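> Structure provided below as structure tokens; questions to follow.
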Amino acid sequence: MSFITLGIESSCDETGLALYQTGHGLLAHVLHTQVALHNEYGGVVPELASRDHVQRITPLLRQVLREADKSIGQIDGIAYTQGPGLGGALLVGASSANALAYALDIPSIGIHHLEGHLLSPLLADPAPQFPFVALLVSGGHTQLMCVDGIGQYLLLGETVDDAAGEAFDKSAKLLGLGYPGGAALAQTGLNQLVVAGGVGANQLLRSKLNTEMGKRGGTVFYPDLEFCTDNGAMIAFAGALRFAQQQGSKNYRFNVKPRWNLAQTTY
Ligand code: KG4
Ligand code: ZN
């Protein structure tokens, strides 16, 4: 199988595109960050974010194809971030993905941004095996999920943080919640913890989690640093897994979901 998936991430202030080939792995990924654009405002300005995504997507598409040494006609399916995120920013990715998929007569699929994050450690080597527990620590959310397989996500605990430091403490507490020491979470297979999301890049958090999981006889898996924060590779990868399950369609109708609960996601 050598299905090539193009992934497009545009949910916030990063435009990320990637090509993932099933059976081969990640072919190339490119990223443009808008940090400098929003810096003077002290936060992301949604309208500026959308306008910048519009300008970046086509040059980034050319770049990712060049880096992968592929032509546009070799793309077999397109995955894009459908939510959660900024409505306008998501619409740029969704409309670009569907227009391109229509032009190429290939399927498209909308991906949950947090699913991209939580599956991203599977891109690393060594990769965890299903089932595992995933700690998602991104911009605004800290969630602990039980992951049985693609699309099988059970929310174990959640908090909304307003300070990064708070996230570390709450993550530690959530770990306690996920591992109450009772009969339930001693179940086989749940000794693997996957950490994903931007805050997962933090070395202090990583060393604390390694220590805690070490005490419990478990292993912690992390995405490569460049795949902790927003990127197109995680969307291409999640899309490739869903295309392999015959998901995706050629009807090219789309909507975006600025608010979207991962545990209730159905495709
Ligand atoms: O996952 P992400 O790129 O975007 C969302 O989906 O929200 O996460 C972004 C968050 C930001 O709050 C950023 O400050 C944080 O990840 N972050 C970090 C580190 N790198 C990025 N937090 C702590 N330590 C880091 N090294
Ligand atoms: Zn993210």
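> Which one of the conditions (1) at pLDDT 60 or above; (2) polar (S, T, N, Q); (3) outside any helix (DSSP H, G or I) does Thr188 fail to meet, given that it meets all the rest?
Unmet condition: (1).
> Let me ask you something else. Being farther than 16 Å from Gly16 by Cα and in contact (Cβ under 8 Å) with a residue 12 or more places away in the chain is the filter here, so list the residues in segment 38-68 that pass it.
His38, Val44, Pro46, Glu47, Leu48
> Do the conditions hold for Leu156, that is, is it modelled with pLDDT of 80 or more, within 14 Å of ligand 1 (Cβ to nearest atom) and either in a strand (DSSP E or B) or surrounded by 14 or more Cβ atoms within 10 Å (Cβ to Cβ) (or both)?
No.
> Answer with yes or no whether Lys215 is modelled with pLDDT of 95 or more, away from ligand 2 (no atom under 15 Å from the Cβ) and either among the basic types (Lys, Arg) or more than 19 Å from the chain's Cα centre (by Cα) (or both).
In short, no.
> If Ile109 satisfies every condition in (1) in a strand (DSSP E or B); (2) within 15 Å of ligand 2 (Cβ to nearest atom); (3) closer than 25 Å to Ser71 by Cα; (4) more than 13 Å from the chain's Cα centre (by Cα) but one, which is the exception?
Against the list (1) in a strand (DSSP E or B); (2) within 15 Å of ligand 2 (Cβ to nearest atom); (3) closer than 25 Å to Ser71 by Cα; (4) more than 13 Å from the chain's Cα centre (by Cα), Ile109 comes up short only on (2).
> From the residues in segment 112-131 that are within 16 Å of ligand 2 (Cβ to nearest atom) and small (Gly, Ala, Ser), which one is farthest from Arg56 (Cα to Cα)?
Within segment 112-131, the match that is farthest from Arg56 (Cα to Cα) is Ser120.
> Closer than 20 Å to His113 by Cβ, crowded, with 21+ Cβ neighbours inside 10 Å, modelled with pLDDT of 95 or more and away from ligand 2 (no atom under 16 Å from the Cβ): is that true of Val54 in this structure?
So Val54 does not fit the description; no.
> Which residues, taken from segment 75-95, are small (Gly, Ala, Ser) and either surrounded by fewer than 21 Cβ atoms within 10 Å (Cβ to Cβ) or under 14 Å from the mean Cα position of the chain (by Cα) (or both)?
Ala79, Gly83, Gly85, Gly87, Gly88, Ser95
The values are calculated or read from the model by the stated rules, or taken from the named source; none is laboratory data. Owing to the predicted nature of the structure, the values given are computational and were not obtained by experimental measurement. Note that we place each Cβ from the backbone using ideal geometry, even for glycine, and neighbour counts take in every protein chain shown.
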